[in-house]
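Have a look at the structure below, then the notes.
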Amino acid sequence: VSGLMKCFEDVFRLRIRLEQTRVGIGSNGSLTISKERMGLSSLLVDQQRHEEAATELRILIDELDFQDKEDVMSMRSKAASMLFRSQAAVCLWNNIVSDERELLSSLHEYFSSLGENENDGKHPLPPLHAFEALKWSCITLADATLIAKCYANQAIQTCNSKQRERLRSIPRHDASSVPFVKVSKSTPHIRNYRGGKRKVRLGYISPDFTGVHPLAFLMQDVFRLHNTNDFELFIYSLSNNEDDSP
């Protein structure tokens with residue numbers, strides 16, 4: 001497999017060089033170069049070579065700045081999302097401010113392109129996955145909700161008419177109605193923890209903590225590797241069947 005990946009990588013790099021020779025290496029690139037560089041970046045991400053991928057993605061975003069084509073916006077949005085993900089994978093936050101700005105800009109461009117088609121489920125999906133939107137602190141709850149809605153609307157399109165009608169009848173909640181708990185530095189449990197008097201209570205909630213779901217097996221080491229001197233763990237299973245939960 002590694003040999004095959006190396007062949008693909010060589011092909012991408014060769015195509016980039018050939019196109020650079022054709023259009024002139026000193027030029028600002030072409031859509032063909034950008035597409036090949038996107039393929040190379042995806043390949044590097046798949047191999048967990050995140051720093052190399054980040055380098056290629058930054059070059060790609062710079063190249064796309066000088067292009068004015070319909071395909072550019074979606075490619076730029078995807079590149080910004082991949083760059084942020086690659087940086088996070090290896091905890092490289094040197095350019096986090098500019099990376100966040102780029103990610104938000106591409107995301108809001110996507111939202112603007114939706115127009116009145118937000119709920120038709122036929123528009124291309126957002127550059128950011130709904131689960132990822134909950135991970136990055138720069139993504140607001142309102143934006144994360146809209147991303148999730150886009151994914152949900154597309155999923156609804158795969159259902160039959162009766163299923164669609166039933167799904168659309170489920171009450172929707174606006175992001176502004178979600179309650180927040182504001183935690184300040186004076187909150188007792190934080191103050192006590194900093195003084196070493198009390199552990200942080202950390203809870204995990206999922207419907208997938210069952211004896212047959214892969215998540216339950218994948219999370220075992222996560223639970224085990226917590227420092228029990230600093231954290232007190234609570235695991236809540238939302239499975240309907242009590243016998244399913246280990």
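Couple of notes before you dig in:
- Computed lengthening from residue 11 to residue 215, 0.36 nm per intervening residue step minus Cα-Cα distance: 69.8 nm
- A protection proxy built from the mean count of other Cβ atoms within 10 Å ranks the segments 132-140, 56-64, 77-85, most packed first, as 77-85, 56-64, 132-140.
- Inter-site label distance for residue 62 and residue 101 at 7 Å from Cα along Cβ, in nm: 1.6 nm
We did not get these values from a lab; they are worked out from the coordinates using the rules stated. Here the structure is a predicted model, which is why all the values come from computation and not from measurement. Every residue, glycine as well, gets a Cβ built from its backbone with ideal geometry; the counts of neighbours run over all protein chains shown.
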